[in-house]
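Asker: Here's a structure for you.
Laboratory data are not the source of any read-out in this text; all were calculated from the coordinates shown. Keep in mind that what you see is a predicted model, and the values were worked out from it rather than measured. Here the Cβ positions follow ideal geometry from the backbone for every residue, glycine too, while neighbour counts run over all protein chains shown.
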Amino acid sequence: MAQYAVIMLLAGVGIPLLAAMNAALGRHVGSPAAAAAVLFSVALVTCLLVSLLTGPHNWARFATAPRNLFAAGLFVAFYVLSVTYIAPHFG
């Protein structure tokens, strides 16, 4: 149970770091949306590698999952785009 608490603590600490780093990347490349797209690309590759390393999964079950559950991806995209655009204005 303690390891879960540590993981959640690190995830919480990572939220403002994600905002600052992605906002800086957005400023550097001149496009917060492009910075977010790169962030999601790196995240996709990382998640796929972790998924492949953690054992076999029944990928076909995604086809029968309730469609509304995929909306979580929209919420994540909204969050990342929001903090990438707004973080530079807060400093």
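Asker: In the stretch 6-47, whose amide N lies under 11 Å from the spot 7 Å out along Cα-to-Cβ of Ala77? List them in ranges.
Answerer: Residues passing the 11 Å test: 37.
Asker: Continuing with this model, one more query. So if we plug the beta-carbon distance of Leu49 and Ile86 into 1/(1 + (r/R0)^6) with R0 = 35 Å, what FRET efficiency do we get, rounded to 0.05?
Answerer: According to the calculation, E is roughly 0.70.
Asker: Take each uninterrupted DSSP H stretch in the chain, measure its Cα extent along the helix axis, and return the ones at 30 Å or beyond whose mean Kyte-Doolittle hydropathy is at least 1.0.
Answerer: 2-29, 32-53
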